[in-house]
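**Q** The structure follows.
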Amino acid sequence: MREQLTRIVNEVNALSTAPKLDPKAPLTPPTRTQKILLRFFLLFLVMSFVSLIDLADLSSFLRQVIAAGFVDQVARRVPMVDDEGRTLKNRFKFISAVANAEVFVHPSSVMFKVRTPLSYH
């Protein structure tokens, strides 16, 4: 994911004079100033939306905001069908929610080992 985000940032800033980010460079812990700025930014975000939503829904709202950043990682699990239109037992493929194209789960992913379908309510 770090490489994806780095590539996106580099593409967005392609025309600027900002230096390109290297996804392989070692990460250093945030400085004290960066931590303070992040806290103020998060506080500003929360306070901006508190008047718009009920406080009981705040945690749900924050989860939705965070999950919105992973929209390109969402896919539907659909049964595979053979050439004659029959559904293949225990065979599935994944269709990307964004591009509506077939995608694959990387073998190193935790989801690769999950054999039972997940259900979310």
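The values are calculated or read from the model by the stated rules, or taken from the named source; none is laboratory data. All figures in this text were calculated on a predicted structure; none of them were measured in a lab. Methodologically, a virtual Cβ is constructed for each residue, glycine included, from the backbone with ideal geometry; neighbour enumeration extends over all protein chains shown.
**Q** Considering (1) of a type outside the set (Lys, Arg); (2) under 24 Å from Asp72 (Cα atoms); (3) surrounded by 10 or more Cβ atoms within 10 Å (Cβ to Cβ), say which one Ala14 fails and leave the rest.
**A** Every condition holds for Ala14 apart from (3).
**Q** Kindly list, by first and then second residue, each pair from a residue in region 1-23 that is touching a residue at least 12 places away in the same chain (Cβ under 8 Å) to a residue that is in a helix (DSSP H, G or I) and not small (Gly, Ala, Ser), limited to pairs with Cβ atoms under 6 Å and residues at least 6 apart or on different chains.
**A** Leu21/Thr6; Leu21/Val9; Leu21/Asn10; Pro23/Arg2; Pro23/Glu3; Pro23/Thr6
**Q** Out of the residues in region 53-100 meeting the condition of being of a type in the set (Asp, Glu) and at pLDDT 70 or above, tell me which one is surrounded by the most Cβ atoms within 10 Å (Cβ to Cβ).
**A** If we filter region 53-100 for residues that are of a type in the set (Asp, Glu), which is where we start, we get 54, 57, 72, 82-84.
Keeping just the survivors that are at pLDDT 70 or above gives 72, 82-84.
On the way: Asp72: 14, Asp82: 9, Asp83: 5, Glu84: 5.
Among those residues, the one meeting the criterion is Asp72.
**Q** Next up: Counting only residues that are under 26 Å from His106 (Cα atoms) and modelled with pLDDT of 75 or more, which one in region 17-51 is surrounded by the fewest Cβ atoms within 10 Å (Cβ to Cβ)? Full working, then the answer.
**A** Filtering region 17-51 for residues under 26 Å from His106 (Cα atoms) gives 21-27.
After this cut, where a residue has to be modelled with pLDDT of 75 or more as well, the list is 21-26.
On the way: Leu21: 13, Asp22: 9, Pro23: 13, Lys24: 7, Ala25: 8, Pro26: 5.
So, considering only residues that are under 26 Å from His106 (Cα atoms) and modelled with pLDDT of 75 or more, the one surrounded by the fewest Cβ atoms within 10 Å (Cβ to Cβ) is Pro26.
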